Each structure stands twice: as C-alpha cells, then as structure tokens.
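Read-outs throughout are calculated quantities, based only on the coordinates presented, and are distinct from any laboratory measurement. Just so you know, these numbers come straight off a predicted model, no measurement behind them. Cβ placement follows ideal geometry from the backbone for every residue including glycine, while neighbour counts extend to all protein chains displayed.
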C-alpha cells in the first residue's frame, strides 16, 4: 500500500529523538577481542584508536618471565563518555596466542570464549524470568593482527581466520606496517585478499540485501582497504612546533593521523564513526542467531533421540517424563 | 535480535548500574563513538516503526472521530457525505459477547520517518444489556498478540518478527460527572497489567471547566482507590528542566478531557481550524483552553510514543511471558546449554592433555633409564677396582708369607734361643696376617649391600 504524506503535521517523526533519549539513558556495550602474537602492536593500536591508555601490553618484560604455554583470555572493562554517550568498552586480550613453537590449538580458548558469550546470552534470553535489557557481553569485533613482511597469510592465520570468521566479525589489520613501503602494502593486501577468497574466509563487512547504494559504496571502499595497514602510537612528537601523534625514526616522522602514511584514520572511522552500530547489530542478528539456531536444533535432536530411545526401550522410564527444556511452545498459539 | 533497538543497560533510568567493575577513562581528543545514536537513527528511519493503538468505549463517544483527528484523517478515510458514524471495513473477529475487534492499518510517512500505525477498534463494547464480560474479548485479544510475539521469539529461525502488540489503550469515559461506572472499573482492573491504560473523558464539550476539574478528581480518586495503574509520563535525572516541567504539565491533565472533530470551522478572525460549531460558540479542538486534545496528542505522539512502546516491550510483555512460562511448568535447565558447546571442546582438550601426559611419561622413563644405567656402570667399575686391589693385596700377602716361612725354616734349623723368640714373633705376625684377609672379606660383604 502506498504511504501518503501527512498533510498537516502530526508529529510522530520526533520518535527518533525519543529513541535517542532512551539510548542516552542506557548507554551501550562494546566488546572487542584482540588476536595476534605478542609484539604485533595490539595494545598500542587499541590505545591509539580510543585515544586513551586502556590496556597494558602483556609481553614479557624480563628474561625471568615465563613464556606463556597457553592462550589466556584477559577481558578489561572501562566506561568511556563522549558528548553524553556512554560506552562500556571491554577489550579482551589474548596473551600467549601463537607464541609457542607448536601452536596447534592455540585458538581453542579464543573460540571458546566467543561461543561462551553467545551461550550466556542465550541462556539469559530463554529464562522465564529475565532482565529485558540483557547485559551484552558478546564479542562485536575481532581485530586480527597479521605479520608484516610475510608473503600473505601464514598457515596459522588461515587456520585461525577460518574458525574466527564463523563466530564473530573479523577485521584484519597489520599493526606495525611502518616497515612496509606503499607498494609492498598494496601487494600484501592483494595477496591476502586472494588467499582469503581461496580459503573462503569472509571478513567483515558483509553485504546484505538491505543495503542501499550509499552503504554498498562505503562497504566496497572498506573492502579495498582490508587488511588495514596501520601504525599505532601513544606518544606525541613535536614536528615544527606542532604536536603529532606518531613515531620518530632517524629518517623521518610517521604521523599516524596522516592518511598518506597509514590507514589508521580509515580504520578508526570505519570501526567507530560509521560501522559501530552495524558491528553490534550484525553480531546480534547474524552470529548470535546462527549460534542460537544450531543450539536449539541440537536440543531438538537430542530430545527426539531421547524420545525415540524411550519409545524403543518400551517405556523403560528414563525418557517418559522429560522436564521441558526451555520455552519451546507446546500448543499452537492463537494468531491475530 | 530485534530490529532497531539497542538492548543494553539497566531497564530503569538508574544510570550505569550493571557493570560494577567498569572504570571511567578520559580520552585525548574526539574518538567518534558518540556517533552511535546517529547510526542507529539512520537505521531506524530506514526500517520504520510500528505503533498499535486500541480504543475502547461505548458507541457514540467519539472514538473514531478522535482517531481521525489525531492522525489527520489518515486512518479512517472519510468519504463525502459520510462521517465516522458509518460502519467501518476492516479485519473483523466476531465474538459471542457482542464485542467485535476490528483492526485497521495505515502506513504514514512524515519527514522520512515511516510509521506503521494500527488502530484496533472494539465496537459493541458496553452496548449489550449484560456487560459483565465485555472486557474479556479485549483482554484475550491483547494476550493473543503477546502469544503471537512469544511464539515468534521462540522460533528457531527469527529473521522476520512482526510486532503487533498493543502499545496503548485509550479508554473512553462517559462524561457523566459522577466518577467511574462499574463497567469502567471492571474493565480497568482486568486490563491495567496487560496494557498501557490512558483514560480519556469523551465528548468533553458537555462539561464546564469546573465540572471537568471535579470529574477528573473523582475519576482519579476511584482509580487510586481500586489500585488501578494508568500510564503517566515520568521524568528522570537525564531530562532537562524544560522536559521535566512539560511532563508534569501533561501528567497533571490526566485523564484527558477531549473533543475531536473532522470538520473545520472558521474563527472570528477568519482562520480555519478543526472544531465544532454550536449556537452558543465554537469549540476548537486544538485550543488548549477548550480541551486537552493537544496534551493528549503531545503525549501519545510527540513525546512518549517510544516510552509507550518500550513499556509494552520491557515491562508488560515480560511479565506476561514470565507468568505464562512459569504456569506452563517450564523450569530453566541450565545444564543443557553447557553441554553441547564445550563437549567437543572438552574432548579436544582431553586429547591434547593426554598427548602431553604421554610425552611427559616417555621423557621421564627415558631419564630414569639413563640414570639407572649410569649408576650401574659406576658401581660395576668400583666393584672391579676393589676386586683387582683385593687380588694384588692377596699376592703381596702370599709373597710375604712365603718369605717369612723361608726365614722361619732357616731359624728353626740353627737351634738358638733367638730362634724361639723369632718363632714366637713369627707366630704373632702370622696371626696378624689373617686379619687383612678377613677385612677384605668383610669389605666385600659391605660392597654387596649396594646392590
């Protein structure tokens, strides 16, 4: 049916302001996980993106410190406030990932953590008595750190990326790209994209039918840049009496905010200023729903198996009185 | 999970109460996540909003007129020569108690914002002789919408969820001036926990301002006395003083005394406004001195539409869902969710762990074997040493004995007194010679204890 414009002003278009108000009251959660070997620049990059010292590097400082034997999961939560908008930001570091000689299974803890958050949310969602506003701990974005100077993806990267992209939004970055010339970066990015398409690894952003032309163009330009070749820095250097956030080498100064030097600005804008809401929503609507669907199907199958076993066993007693698991409706609901 | 809403944070506006351990940090410079609401805004505009409004009241109280006045004639299109009193078309659900439920939907766009407005009418309510159960079909309708939503929420595939839950119910009160009637009280008591109730005094043009005031006071007294919850705009500490005072003003007018009109009248200064023409004057719909229509519209559409939707979702639906699930006997079995995911993980971990253990075992036994071998070697070596020493000592002793025997025989042959002394000395020496040999034997014995 066509939607006629209202001639006299009714005024419901203010609903968007009403929603903004509700939103300001509540604030939102943002959970980002950092995956990469130690020394890839994870902590510095995250601190640069949010312009504040959020996380400490988990690298070894002295020789006496032991090299971690397993991947640890270290979530750290802080609250940031900008213009009245509050975000409860959780950065999840993964020290120990990829640091061993034999890195078989170093991703297990990471995947488990991500899935556990989905499971916890599902559990709370299915409770008969639940908080309607469930505290969202699901991982909204994964920054995956690639090694600069490699010829494309390493075998470990392929293994891990395959698994990570199934459960969360993955954004591949090269954090210490100051050792790569612009040509080398272009070549590296092209190689990485070829290898990802060969291995059918799909990273964020995804395309969807709801996108309009503006969205499509924006997503296409972001896909061009992936993986983001960035440089992180928490230091400010004086260049011609102007403060510059960057790194000073003997042969020059890198300004991380200069788009000709690195992709830092693009990465930050993409993550925070244009796609932040999308990251959260895609996590809820794609990754979480996938997880939920597979869990519920498994439960259904399990119950079907148990019912079949009980029927086959001739009423042995175990399968007869199953307590209802979760609120799957038993009777047909009246439709309006 | 649901289109357009960011479901995080505590339900009541009590601030950041959930993540107790979160610390606050200052940033250097503009980061940009404060753009989040704008991103949501864009998305919501693309998707549009739902709003379902139900009107309940006896016929002739002006329900349809009011709806058309609120939404500028976009819901019930008025053809020439007709007015709101002509019967409507719409999806009808016949009910034995004589109350019909009819629903009309309209898509309205304003400044790019799309609203899917549904108005549910209840013709026949209160028009029968026996109105005891008049409230029942309405309650059932509201609850069946909750059921429909619950079913959709629990589906395995949830990509399309249609939300047609009732967001607000306008209850029309007859302008008697005498407080609430029995049917009004019955209705409100049954419905107030399932829907946002907004009582409205209909056809307020029969009441003088003073009568309106008194009537309102009586209605509110009845409502309080019977413990009925009605929807009231509340402010919290996030709001600016202007909003707080606006909310107070609106709340002070509840229940709204309204007049609706689809006709236009011409004022004395020539302007055309909605109103009703009487011989004694003109009542203007949008004149705040004449009636509370503006306040009602302000609250319903311009300030509290989102609040109404939110309350329906967060509070009314949730309590219905909880009651229903507990009544059906659902007990949350937490262990089920823990099993599937970590089971495979656990197996993998166990495998890795077993492999590690095996490796360690192998290493340790190898080390043990090596050490045993070393020790054995050492002990063998010392055994051999001792044995050879034993031999050499034995030989020297033998030699010494033979020498002494020789000397002894020479001395015994010469027959002198020195011989006896020498023989005695030789005997003593002989005795002491036995000891070293014995000592060797005992040493051997000791050595054997090593093994």
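What is the fewest-to-most order of B:382, B:235, B:268 by other Cβ atoms lying within 10 Å of their Cβ?
B:268, B:382, B:235
What spacing in nm lies between the two simple spin-label points modelled at residue A:62 and residue B:379, each 7 Å away from Cα in the Cβ direction?
4.4
Based on the Cβ-Cβ distance of residue B:349 and residue B:390, what FRET efficiency does E = 1/(1 + (r/R0)^6) give at R0 = 51 Å, to the nearest 0.05?
Once rounded, the FRET efficiency stands at 0.25.
Among A:264, A:145, which comes first, then next, by fewest other beta-carbon atoms within 10 Å?
A:145, A:264
At a Förster radius of 30 Å, what calculated FRET efficiency corresponds to the Cβ-Cβ distance of residue B:28 and residue A:70, to the nearest 0.05?
Approximately 0.30, to the nearest 0.05.
Where the centroid of each part is defined by its Cα atoms, how far is the stretch B:189-217 from the stretch B:225-240 in Å?
16
Find the relative contact order for chain A and round it to a whole percent, using C-alpha pairs within less than 8 Å whose residues are 6+ positions apart.
Over chain A, the number comes to 15 percent.
In nm, to one decimal, how far is the residue B:278 label point from the residue B:59 one, both placed 7 Å along Cα→Cβ?
Going from the residue B:278 label point to the residue B:59 one covers 2.5 nm.
If one computes the Cα centroid of the stretch A:32-46 and of the stretch A:262-304, what distance in Å separates the two points?
One Cα centre to the other: 21 Å.
Using a ≥ b ≥ c from the Cα gyration tensor of the stretch B:345-401 (square roots of the eigenvalues), is it rounded, prolate or oblate, where a/c under 1.5 gives rounded and otherwise the larger of a/b and b/c decides, a/b for prolate?
The shape class here is prolate.
Residue by residue through B:303-310, how many Cβ atoms from other chains fall within 10 Å of the Cβ on average?
Other-chain Cβ atoms within 10 Å of each residue's Cβ, averaged: 5.
How much length is gained if the chain between residue A:293 and residue A:150 is pulled fully straight, taking 0.36 nm per residue apart and subtracting their Cα-Cα distance, in nm to one decimal?
47.7 nm
How crowded by other chains is A:289-302, given as the mean number of beta carbons from other chains within 10 Å of each beta carbon?
3
In nm, what is the difference between 0.36 nm times the number of residues separating residue A:100 and residue A:265 and their Cα-Cα distance?
56.1 nm
Describe numerically, in nm with one decimal, the distance between label points set 7 Å from Cα along Cα→Cβ at residue A:108 and at residue B:151.
4.4
Between the helical axis of A:289-312 and the dominant principal axis of chain A, each derived from Cα atoms, what acute angle in degrees is found, rounded to the nearest 10?
That works out to roughly 30 degrees.
With both partners inside chain A, how many of the DSSP beta bridges are antiparallel, as a percent to the nearest 5?
So the antiparallel bridges in chain A amount to around 50 percent.
Can you sort B:378, A:176, A:42, A:300 so the residue with the fewest Cβ neighbours within 10 Å comes first?
B:378, A:300, A:176, A:42
Roughly how crowded by other chains is peptide B:40-46, in terms of the mean Cβ count from those chains within 10 Å of each of its Cβ atoms?
Whole-number average of other-chain Cβ neighbours for B:40-46 is 5.
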